[in-house]
1. Expected output is a single nm value to one decimal: the length gained when fully extending between Phe5 and Tyr27, i.e. 0.36 nm times separation in residues minus the C-alpha distance. What is it?
2. Whole-Hz Karplus ³J(HN,Hα) for the range 125-130, in order, using 6.51 cos²θ - 1.76 cosθ + 1.60 and θ = phi - 60°, x for Gly and Pro?
3. Semi-axes of the equivalent ellipsoid for the range 42-88, please: Cα gyration tensor eigenvalues, times 5, square-rooted, ordered largest first, whole Å.
4. Which three extents, in whole angstrom, do the alpha-carbon atoms of the range 9-110 cover along their principal axes, largest first?
5. So how strong a dipole does the range 1-93 carry about its Cα centre when Lys and Arg Cβ are +1 and Asp and Glu Cβ are -1, to the nearest 20 debye?
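Read-outs throughout are calculated quantities, based only on the coordinates presented, and are distinct from any laboratory measurement. This one's a predicted model, so the numbers in the text were calculated from it and none came from an experiment. Cβ coordinates were reconstructed from backbone atoms using ideal geometry, including for glycine residues, and neighbour counts include every protein chain displayed.
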Amino acid sequence: MASVFITTESGNLDAVHADKEHKEAGYIQVISEDGISYQYDGDLEYIKGRGNSTWKMEKKPYNLKLDKKADLFGMGKSKKWSLIANHSDSSLMRNAIIYTVAGQVLDYTPKYTPVDLYINSEYMGSYILTTRVEVEATMDGGADSGFFIYQIIVIIFNNNLLSFIILPRFL
């Protein structure tokens, strides 16, 4: 499995864990599955918390911003990435399955790869490194100025995925 090694400037994540909007600079190495090849080796503009209900869980999700754009694992060049914790998913596969299935019917879903995460030499667990979805639009009032994102409703019973529904959600 690929690995992500982050060293923060402070040497800990105390400020980030106290306030998920706090941005901590540092250094990051993203290493391929072979354990030898570097996907990225450079400055980390910041690591910060992400999520709402998932932020309250023991295993925290994070947003990252690299110092320069990088094409990590062929997912496209970007500075901004997310680390999904999958804390409530003991299989560590639920998000990956949803992204894969949704990608069959939607124009865009996050690209991802599983990684082992280490922060300040501490193993944090298995995560999913994903591209970030950001909505940007200019509303000029014209007929073609509207936009929407998709909402995925997942139905899970006794920790088993029963079905999911994909609906457009207009903004």
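1. 7.1 nm
2. Ordered by residue, 3J(HN,Hα) equals x, 8, 10, 10, 8, 10 Hz.
3. After diagonalising the Cα gyration tensor, the semi-axes are 23, 12, 7 Å.
4. The Cα atoms of the range 9-110 stretch 42, 33, 26 Å along the principal axes, largest first.
5. The dipole magnitude comes to about 400 debye.
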